[in-house]
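The values are calculated or read from the model by the stated rules, or taken from the named source; none is laboratory data. Computed from a prediction, not measured in an experiment: that's the story for all the values here. Here Cβ is always computed from backbone atoms with ideal geometry, including for glycine, and neighbour counts include all displayed protein chains. Areas reflect the complete protein model, heavy atoms only, side chains present, ligands, DNA and RNA absent. Shrake-Rupley method; radii C 1.70, N 1.55, O 1.52, S 1.80 Å.
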Amino acid sequence: MSTLTIKDFNKTYSNGVQACKNVNLTIQTGMFGLLGPNGAGKSTLMRTIATLQDGDSGSIFLDDLNVLQEKHEVRKILGFLPQEFDLYPKSTAYELLNHLAVLKGMNDAKTRKNAVLSLLERTNLSNHKNKYLGGFSGGMKQRFGIAQALLNNPKLLIVDEPTAGLDPEERFRFHNILSELGENIIVILSTHIVDDVSDLCNSMAIMNHGEVLIENHPEKVLEQLKDKVWYKVIEKNEIDAVKNNYRVLSSRMYMGKTKVHVFDDDSATTDSSSGGDSLRPQSNGFTQVEADLNDAYFYYVGDV
Ligand code: ADP
């Protein structure tokens, strides 16, 4: 069991953007989802943990390894799948992985060959090992990215915003690989895709504007919204009226109409000063719904 401990981490870029503000997180072996919209500060944090850039203040430890200072040691036990993963289109999967293994110091040819073949197997790429990377689909590229990130058998794997549009089968494969890894090491999945976190992660945090808004197990995050989320299917032009009266969490198209989720804090609306019973969702055609992580995400991040 490993623990990554981030304490009071701050980073302001030279243009004045404060990308991380007093970030505190404790991340243990398993799959951790770092969720937040674009610009939240996720990549800044991930790139710092991956020793690719420096922070201004605070500390990051992986067990007793000082991540901000002992970068060389961190690199030995870190796997990183960056947002943009450049592949050499004219290499085959086997060639490039073998080349990267050489760069990582795997000098013994036989050991290297075995490691490369086993990683290609593990990421379901064995059948494609002699194909040019230029012809790989988005999902295959992502799995290759995982294979290269696992070359040094990392204790910590960071997957920063896997953006490639994956078809359902590829997504399932990619998720399976990640969740298998999460049984033994720390896997941090940084993403703006709520469903990826709800499908995969046993622990999570939501970030926005450089700050961590909540860190907990997904079920605990949902507990805070228990019995407070309501939905109604409305006509498109009714949305403004709903927004005037309720805190709208999300609205999405639903069979040609709009399905709106609102947050209603029981105690606040029974208070006579806040409009009384006439505004209670149940008096206005809303149905209570079990909160999901999308509701929680919009609850914390705001703005639909
Ligand atoms: P996320 O990964 O959540 O999208 P980022 O960490 O990439 O967030 O960005 C956080 C904020 O920092 C954004 O406002 C972004 O524009 C800014 N930012 C990121 N990288 C740089 C940089 N190299 N120089 C200046 N500002 C940056």
When the residues of the stretch 42-70 are filtered to those that are surrounded by 14 or more Cβ atoms within 10 Å (Cβ to Cβ) and small (Gly, Ala, Ser), which remaining residue is nearest to the ligand (Cβ to nearest atom)?
43
Among strands (runs of 3 or more DSSP E) entirely inside the stretch 229-304, those with 2 or more residues being open to solvent by 70 Å² or more (accessible area, probe 1.4 Å) and either touching a strand residue (DSSP E or B) at 6+ places or on another chain (Cβ under 7 Å) or at pLDDT below 90 (or both) are 247-254
Return the residue satisfying two criteria in turn: it lies in the stretch 148-184 and is part of a helix (DSSP H, G or I) and among the aliphatic types (A, V, I, L, M), and of such residues it is farthest from residue 3 (Cα to Cα).
177
Residues of the stretch 73-87 being under 25 Å from residue 13 (Cβ atoms) and either loosely packed, with under 14 Cβ neighbours inside 10 Å or not aliphatic (A, V, I, L, M) (or both), which ones?
75, 80, 82, 83, 84, 85, 86
Can you pull out every residue in the stretch 113-131 that is in a helix (DSSP H, G or I), open to solvent by less than 50 Å² (accessible area, probe 1.4 Å) and not β-branched (Val, Ile, Thr)?
115, 119, 120, 126, 128
With respect to residue 214, determine if the residue is buried (at least 19 other Cβ atoms within 10 Å of the Cβ) and either within 16 Å of the ligand (Cβ to nearest atom) or of a type outside the set (S, T, N, Q) (or both).
no
Residues in the stretch 192-205: is at least one farther than 27 Å from residue 63 by Cβ, under 13 Å from the mean Cα position of the chain (by Cα) and of a type in the set (Val, Ile, Thr)?
yes
Being within 19 Å of residue 157 (Cβ to Cβ), open to solvent by 30 Å² or more (accessible area, probe 1.4 Å) and away from the ligand (no atom under 11 Å from the Cβ), is that true of even one residue in the stretch 10-22?
no
Members of the stretch 199-211 that are closer than 22 Å to residue 179 by Cα and open to solvent by 60 Å² or more (accessible area, probe 1.4 Å)
199, 202
What are the residues in the stretch 23-41 that are within 9 Å of the ligand (Cβ to nearest atom) and open to solvent by 60 Å² or more (accessible area, probe 1.4 Å), if any?
38, 39
From 145, 139, 134, residue being more than 23 Å from the chain's Cα centre (by Cα) and assigned to a helix (DSSP H, G or I):
134
Filtering the stretch 88-99 for residues that are within 28 Å of the chain's Cα centre (by Cα) and surrounded by 17 or more Cβ atoms within 10 Å (Cβ to Cβ) leaves a count of 3
Look at the stretch 1-23 and say how many of its residues are within 19 Å of residue 182 (Cα to Cα) and not aliphatic (A, V, I, L, M).
3
If you take the residues in the stretch 197-226 that are assigned to a helix (DSSP H, G or I) and not charged (D, E, K, R), which one is farthest from residue 27 (Cα to Cα)?
222
In the stretch 12-27, residues that are of a type outside the set (Val, Ile, Thr) and under 15 Å from the mean Cα position of the chain (by Cα) total 1
